[in-house]
Amino acid sequence: TMATVVGFPNVGKSSIINALRRATGTKGAAKTGGNPGVTRHVSGFLIPGDTSVFVIDTPGIMVKKFVTATEKVAGLRLACVGCIKDSNVGT
C-alpha cells in the first residue's frame, strides 16, 4: 500500500510520518523544523506492520505569487501562523 502526504508548508506532514513510524517501533526519519522549507525533496518511508505502508513525504504546496489584495491578505495570514515565510508575501 502507498500513501502520499500533501499540504501547506509547515503544518506537520513530516511529523505525522515520524509519529506513525514511532508507533510501530521504528525510529522517525523525516526531517522536521520550526520554519517552513525543511522538506525540500520528495522522500519515501516504510511504515512496517501486518500490512506495511510506503508513505511519501512532499514539500509544502503553495501558490507562487500573491497578486491581488485578497491574496496578499491570505498570504499574510499564512505567514502569521508560520505556514510560509513573510518574505514570500511581498509588499
Chain lengthening between Leu46 and Thr68 when straightened (0.36 nm per residue, less Cα-Cα): 3.7 nm
Value of relative contact order over the chain, rounded to a whole percent, pairs C-alpha under 8 Å and six or more apart: 32
Cα long-axis angle, helix 13-23 against the chain (0 to 90 degrees, to the nearest 10): 20
Set of lysines near Lys31 by C-alpha distance (under 20 Å), chain-local residues within fewer than 8 positions excluded: Lys13, Lys85
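Would you mind working out the accessible area per residue for the chain, using a 1.4 Å probe, and quoting it in Å²?
68
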With every protein chain in place, the chain: carbon and sulfur % of accessible area (1.4 Å): 59
Overall form of the chain per C-alpha gyration tensor (a/c, 1.5; a/b vs b/c): prolate
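The values are calculated or read from the model by the stated rules, or taken from the named source; none is laboratory data. These numbers come from a predicted model, not from an experiment. Accessible surface is based on the protein model in full, side chains and every heavy atom, while ligands, DNA and RNA are left aside. Shrake-Rupley method; radii C 1.70, N 1.55, O 1.52, S 1.80 Å.
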